[in-house]
1. Within region 23-50, can you find the residues that are part of a loop (DSSP other than H, G, I, E, B), polar (S, T, N, Q) and surrounded by fewer than 14 Cβ atoms within 10 Å (Cβ to Cβ)?
2. Write out, first by first residue and then by second, each pair whose Cβ atoms fall under 9 Å of each other, whose residues are 6+ apart or on separate chains, and whose first residue, in region 10-28, is on the phi < 0 side of the Ramachandran plot and without any contact (Cβ under 8 Å) to a residue 24 or more places away in the chain while the second is of a type in the set (A, V, I, L, M, F, W, C) and not in a loop (DSSP other than H, G, I, E, B).
3. What pairs come out if I take residues in region 32-44 that are among the β-branched types (Val, Ile, Thr) and pair them with residues that are part of a loop (DSSP other than H, G, I, E, B) whose C-beta lies under 7 Å away, six or more apart or interchain?
4. Could you please find all residues in region 1-10 being in a loop (DSSP other than H, G, I, E, B) and surrounded by 11 or more Cβ atoms within 10 Å (Cβ to Cβ)?
5. It is to be established whether one or more residues within region 12-22 are exposed (fewer than 11 other Cβ atoms within 10 Å of the Cβ) and away from the ligand (no atom under 13 Å from the Cβ).
6. When the residues of region 1-36 are narrowed to those that are touching a helix residue (DSSP H, G or I) at 6+ places or on another chain (Cβ under 6 Å) and hydrophobic (A, V, I, L, M, F, W, C), which ends up farthest from Arg49 (Cα to Cα)?
Amino acid sequence: MAKVNPFHSKLTGTKVYHDNNQCTEGNNIETKNRIAGTGGLPKCDHCKRL
Ligand SMILES: [Zn+2]
C-alpha cells in the first residue's frame, strides 16, 4: 500500500476523497476526472482501512 496525494472525482455525487493507490474505488476514477486535493470531503472508508 502506498499513500498518495489526496484526490477526488470531479463527477457529481462525489462524497469522499482518496489518498491510497490501492483503493479500487479511487482507481476507478479516470485520470481525466481526478482533481487534486480533498475538496473538503471526508476520507474514503476504503482508504481508511488500507
Ligand atoms: Zn478510497
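What follows is calculated from the coordinates using simple rules that are stated; it is not laboratory data. Computed from a prediction, not measured in an experiment: that's the story for all the values here. Cβ placement follows ideal geometry from the backbone for every residue including glycine, while neighbour counts extend to all protein chains displayed.
1. From region 23-50, those part of a loop (DSSP other than H, G, I, E, B) are 23, 28-30, 37-42, 44, 50; that's our starting set.
Cutting the leftovers down to polar (S, T, N, Q) gives us 28, 38.
Result: Asn28, single match.
2. The qualifying pairs are Asn21/Val4; Glu25/Cys47; Gly26/Val4; Gly26/Phe7; Gly26/Cys47.
3. Ile35/Lys10
4. Lys10
5. Among the residues of region 12-22, at least one is exposed (fewer than 11 other Cβ atoms within 10 Å of the Cβ) and away from the ligand (no atom under 13 Å from the Cβ), which makes the answer yes.
6. Going through the qualifying residues, I end up with Leu11.
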